[in-house]
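The values are calculated or read from the model by the stated rules, or taken from the named source; none is laboratory data. Keep in mind that what you see is a predicted model, and the values were worked out from it rather than measured. Reconstructed Cβ throughout: ideal geometry from the backbone, glycine too, with neighbour counts over all protein chains shown.
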Amino acid sequence: MSEAFLTVFLILFPMFMFLLMVGMPHKNPKWLALAGTVVEFAVSIYMWVNFDPAADRQFAVRIPWANSIGITFNVGIDGISFPLVLLTTTLIPLIILSSSDKNFNRPSLFYGLVLLMQSALIGVFTSFDVILFYIFWELALIPIYLICLIWGNEKEGKVTIKFFIYTLAGSLLMLVGILYVYMSSDGGLAPAGFSLTTFYELGKHLDPRTQGFVFWMMFVAFAIKMPVFPFHTWQPETYTKAPTQGTMLLSAIMLKMGIYGVIRWLIPVLPAGVAEWGNTALILSVIGIVYASCIALVQTNLKTLVAYSSIAHVGLISAGVFTQSVIGIQGAMIQMFSHGLIVFGLFYLIDIIQHKTGSAEFKDLGGIRNVAPKFTTAFVVIMLGSVALPLTSGFVGEFLLINSLVQYQVWIGAVAALTIILGAVYMLVAFQKSMSGEAQPHIAAFTDLSMGEKVVLYPVVILIVIIGVYPGPLMAVSEPAVTALVNSLSELTSSIRP
Amino acid sequence: MNTLFVIAGVGVLALVAEIINFKRWLTIIVMLGLAGALAFLPLYTDNGKSDPIFNAMLLFDGPAVVFTWLIVLITLLWLWMSAGYLKEGTHQADKTSLVIFVVLGAVIMASFNNMAMLFLGLEILSLSLYALAGSKKDSLGSIEAAFKYFLMGSFATGFLIFGIALVYGASHSFDLGHIFQYAVNNPDTLPGYFYAGVLLMMVGLVFKISAVPFHFWAPDVYEGAPTAITSLMATVVKIAAIAAFWRIFGFIFGLTAPLWTPVMYGIVVLTLVIPNITAIYQQKAKRMLAYSSIAHVGYILLGFVAAVQRGFVNPLFIIFYLAAYSVSSLAAFSVLMKVEENGGSFAGLYYRNKWMAVTMLVALLSMAGIPPMAGFAAKYFVFMVALAAGQLPLVLLAVVTSVISVYYYFRIIISMFDKDAPVEPVVISWPAAIFHFVMLILIIVLGLFPSISPLSKIMGI
């Protein structure tokens with residue numbers, strides 16, 4: 001069972017690298033960090049090769065940890081966690097590469113924190129013990145907070161503290177919700193511990209009213225992380241003020257923690273609560289889609305525009321998850337991966353523009369197409385992925401999601417489909433304002449993609465197209481697990497409703 | 001018990017150090033002495049049963065032993081941290097021996113079996129502290145702190161004695177066992193003044209643990225006293241006061257709980273809300289830490305009163321909370337002391353001394369209850385205990401106040417990473433640096449391995 005420890009390796013290796021980099025500052029931390037994340041990537045690819053989608057939890061390890069309070073180090077990978085693990089291991093090296101022309105102050109700390117972040121993220125996606133999940137969930141908050149605080153472009157730290165307090169408030173509510181499930185189930189400490197299966201059992205046996213109550217405590221935590229309307233107010237500011245790599249971590253990977261949380265730790269645990277309130281959550285998500293799209297339409301800055309578009313896309317994913325159908329959740333799985341790639345690509349493109357022209361405001365841009373054809377091509381592909389053009393990865397996910405929503409209720413599907421129209425409008429307007437037209441003098445000096453930039457952008461572009469044309473392998477990873485999940489849900493729901 | 005003799009002996013030895021002149025090694029000798037005192041504590045393997053000693057005046061049962069361990073260990077860490085404070089200026093021997101007598105009082109407060117001993121322990125502890133609070137004789141703030149502490153402290157002692165007297169009047173005994181039996185035997189015929197006595201004792205003890213609304217002395221005293229003494233008050237003294245509170249209210253007066261739990265709930269709500277909100281408005285880190293120390297009492301009492309409601313109060317979670325809080329606070333106060341010696345500003349500390357800032361960061365995260373630090377596990381236990389008693393609204397309140405607390409703790413963090421601050425490096429001695437590192441490790445290890453079951457065996461619970 002030596003393979004079983006691969007998951008543990010994925011979690012602990014970046015943490016070890018973090019300690020190494022912070023404890024013993026290295027001459028070239030960027031490349032050390034890159035080497036570490038490439039090792040992670042290679043391990044995750046090896047795991048993909050050996051991964052059996054049809055089987056249940058794999059590479060699983062269960063080590064007693066804090067026995068007296070029933071926490072076990074219970075980690076493993078199944079079809080629902082694996083796409084997100086892959087997303088993390090793929091994107092983190094790219095995020096580090098994307099900073100190749102940047103010289104941060106205190107690079108050891110910066111890259112160390114990125115690695116700590118990776119460790120926590122993989123921990124979140126592979127935990128099968130709810131308290132362990134919670135610990136990783138919170139652990140992820142510390143490095144990203146410090147990254148935004150130390151390398152962000154704001155003076156007083158007001159935006160970052162808002163972000164921290166917002167997410168912490170949600171997390172603590174979730175903790176109370178988790179503990180409440182235990183306490184009201186048998187009136188004492190759960191002897192069987194906090195493992196996923198125990199948690200599912202305990203949740204199911206709560207009475208419906210309690211479930212509804214606990215649903216909100218946990219949903220708020222996930223909704224803040226995603227963020228779903230009306231819990232999104234921290235997000236645009238934080239994305240704008242954070243350093244680009246921080247924004248990438250937040251938008252491309254960290255918000256998936258929220259969606260993953262809903263799929264893994266909310267819907268199966270509280271079937272009656274979801275039956276009662278899932279519709280409300282779904283409608284909130286759909287409101288968020290339209291609301292964020294409309295705000296994105298009037299943005300004059302590329303970075304805030306993408307921040308709002310991200311709220312819209314996540315709203316669609318969240319709505320699809322709450323349909324509790326196979327295509328909805330499958331669509332969410334694939335769209336999470338695709339959105340991660342696309343939003344990472346977009347923020348990198350914006351970073352390049354900002355770096356070369358000194359601004360991301362539309363009024364300072366225009367005409368880049370005339371001077372930088374390769375850059376423009378990359379921009380076009382990534383943008384088309386974002387507006388879900390067929391043959392891009394964005395299309396596969398959004399098609400499934402909207403399909404599931406239409407099956408759920410036609411008018412909700414219709415409203416949600418606005419995201420595609422509105423998305424096309426604001427993205428194309430953005431493209432027009434920033435890339436086409438006459439080049440202003442300072443734009444004329446815009447140099448095309450350098451080698452370092454190509455290394456980051458081309459894999460993203462290629463992946464977007466490959467997944468768009470041939471999504472089969474990625475979908476196959478999660479399909480059996482999602483089907484099993486939905487089947488167990490419908491059994492439960494039918495047993496609840498007489 | 002021999003432990004007490006050893007501690008008292010160490011105190012007397014420290015007093016005469018001035019005369020026979022071995023001041024240079026005094027701190028080390030005292031630390032060895034205290035460590036030696038631990039060796040005389042009984043080690044239980046399966047149950048904490050023990051016989052009372054000194055004509056039933058003291059009882060070193062399981063919880064008393066564990067509380068004593070905690071008090072002495074935290075004092076050892078404190079002595080390591082405060083060696084500089086003790087050496088500085090004159091009266092090194094006096095200050096050291098007063099600290100040892102604080103510990104002596106604290107151990108008695110954790111192990112008393114008789115109300116008279118409670119009073120004695122409390123007074124040994126308090127009198128030594130009054131003098132220590134004023135030990136910086138050229139500082140007006142320090143003298144003010146000593147005076148305020150003395151006035152308010154004696155007032156509270158008055159309440160406590162009055163309460164003890166009333167309880168004695170009803171039960172005809174100072175002995176905890178007798179009082180307990182008396183309450184068991186006469187559940188319906190307890191006289192009104194017995195209840196009055198219970199409430200008066202509560203006021204006296206709640207004053208010592210500085211819960212709202214009996215906290216007004218704390219911020220001023222904490223701010224005025226030398227920082228080393230402030231950290232002693234926030235850790236060792238707090239542990240002793242909570243231990244005594246547990247012994248009285250978690251144990252002896254457990255049967256009369258329906259009478260005093262409503263009052264306690266009021267105190268808990270106030271103690272959660274008021275200090276957490278007041279701390280936001282503080283401009284000085286030391287005063288902010290004072291309010292934070294009051295706020296942490298709120299979480300402990302929340303768990304305590306919820307556990308009382310369910311019957312027996314297992315002191316394990318209280319002990320863990322106190323350990324986590326004490327370790328985090330010692331780390332924070334230690335950094336604060338070094339910062340005070342170097343200009344007194346946290347601005348840009350990370351760029352001036354990396355490890356000090358990291359220690360402070362971890363300590364503050366721990367106090368804010370963020371995993372995987374010790375403070376998280378501590379709060380986790382409290383929430384668990386409170387939810388088991390069905391106190392969901394109070395737990396939600398505690399969540400809200402925890403979130404508020406993040407705001408003021410993070411003000412220091414934000415300031416430490418301020419890029420535009422002056423950058424003169426802060427240099428600290430290597431023992432202090434090692435101390436910081438040890439605290440850092442302790443906070444994380446306590447958070448990662450909050451296994452308290454071995455303790456539960458020692459206590460026989």
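For region A:229-239, a tally of residues being in a helix (DSSP H, G or I) and at pLDDT below 85 returns 0.
For A:Leu175, indicate whether it is at pLDDT 85 or above and within 13 Å of chain B (Cβ to nearest Cβ). Give the derivation first.
Values: at pLDDT 85 or above: yes; within 13 Å of chain B (Cβ to nearest Cβ): yes.
Criteria met by A:Leu175.
Among the residues of region A:270-303, those that are surrounded by 19 or more Cβ atoms within 10 Å (Cβ to Cβ), assigned to a helix (DSSP H, G or I) and not hydrophobic (A, V, I, L, M, F, W, C) comprise A:Pro271, A:Gly273, A:Gly278, A:Ser285, A:Gly288, A:Ser293, A:Lys303.
Of all residues in region B:307-360, those being at pLDDT 90 or above and of a type in the set (Gly, Ala, Ser) number 9. Pairs linking a residue in region B:4-20 that is closer than 13 Å to B:Val72 by Cβ and touching a residue at least 60 places away in the same chain (Cβ under 8 Å) to a residue that is surrounded by 20 or more Cβ atoms within 10 Å (Cβ to Cβ) and of a type in the set (Asp, Glu), with Cβ atoms under 7 Å and 6 or more positions apart or on different chains, do not occur. For B:Tyr299, state whether it is within 13 Å of chain A (Cβ to nearest Cβ), within 30 Å of B:Trp430 (Cβ to Cβ) and not in a loop (DSSP other than H, G, I, E, B). So B:Tyr299 does not fit the description; no. Taking the numbered list (1) closer than 22 Å to A:Leu179 by Cα; (2) within 12 Å of another protein chain (Cβ to nearest Cβ) in turn, A:Phe125 passes all entries but (2). For region A:132-159, a tally of residues being more than 8 Å from chain B (Cβ to nearest Cβ) and part of a helix (DSSP H, G or I) returns 12. Quick one: would you say B:Gly105 is without any contact (Cβ under 8 Å) to a residue 60 or more places away in the chain and out of contact with any Pro (no Cβ under 7 Å at 6 or more places or on another chain)? Against the criterion (without any contact (Cβ under 8 Å) to a residue 60 or more places away in the chain and out of contact with any Pro (no Cβ under 7 Å at 6 or more places or on another chain)), B:Gly105 does not qualify.
Looking at region B:168-212, which of its residues are among the aromatic types (Phe, Trp, Tyr) and not in a loop (DSSP other than H, G, I, E, B)?
Going through region B:168-212, the residues among the aromatic types (Phe, Trp, Tyr) turn out to be B:168, B:174, B:180, B:182, B:193-195, B:207.
Result: B:Tyr168, B:Phe180, B:Tyr182, B:Tyr193, B:Phe194, B:Tyr195, B:Phe207.
In region A:186-200, the count of residues that are modelled with pLDDT of 85 or more and within 17 Å of A:Val75 (Cα to Cα) is zero.
Meeting the requirement of 3 or more residues that are out of contact with any Asp or Glu (no Cβ under 7 Å at 6 or more places or on another chain), closer than 30 Å to A:Leu86 by Cβ and at pLDDT below 85, the helices (runs of 4 or more DSSP H) wholly within region A:408-496 are A:472-496.
There is at least one residue in region B:42-51 that is more than 21 Å from B:Thr235 (Cβ to Cβ), touching a residue at least 40 places away in the same chain (Cβ under 8 Å) and among the β-branched types (Val, Ile, Thr).
For region A:73-118, residues that are among the polar types (S, T, N, Q) and within 21 Å of A:Leu255 (Cβ to Cβ) total 7. Screening A:Ser127, A:Ser99, A:Ser81 for residues that are small (Gly, Ala, Ser), out of contact with any Phe, Trp or Tyr (no Cβ under 7 Å at 6 or more places or on another chain) and crowded, with 24+ Cβ neighbours inside 10 Å leaves exactly one candidate, A:Ser99.
The set of residues from region B:277-303 being among the aromatic types (Phe, Trp, Tyr) and in contact (Cβ under 8 Å) with a residue 60 or more places away in the chain comprises B:Tyr291, B:Tyr299. Looking only at residues of region A:55-69 that are surrounded by fewer than 22 Cβ atoms within 10 Å (Cβ to Cβ) and touching an Asp or Glu at 6+ places or on another chain (Cβ under 9 Å), we find that the one that is farthest from the other protein chains (Cβ to nearest Cβ) is A:Ala55. Note on region B:349-461: enclosed helices (runs of 4 or more DSSP H) holding 3 or more residues that are more than 10 Å from chain A (Cβ to nearest Cβ) are B:354-368, B:374-388, B:392-416, B:430-448, B:453-459. The single condition among (1) of a type outside the set (Phe, Trp, Tyr); (2) more than 8 Å from every other protein chain (Cβ to nearest Cβ); (3) under 24 Å from A:Pro268 (Cα atoms); (4) surrounded by fewer than 23 Cβ atoms within 10 Å (Cβ to Cβ) that A:Ala169 does not meet is (2). Within region A:153-180, residues that are at positive phi reach partners that are surrounded by fewer than 24 Cβ atoms within 10 Å (Cβ to Cβ) with beta carbons closer than 6 Å, at six or more positions or on different chains, in the pairs A:Gly157/B:Ile414.
Can you spot a residue in region B:31-38 that is crowded, with 21+ Cβ neighbours inside 10 Å and modelled with pLDDT of 80 or more? So far as region B:31-38 goes, yes, one or more of its residues are crowded, with 21+ Cβ neighbours inside 10 Å and modelled with pLDDT of 80 or more.
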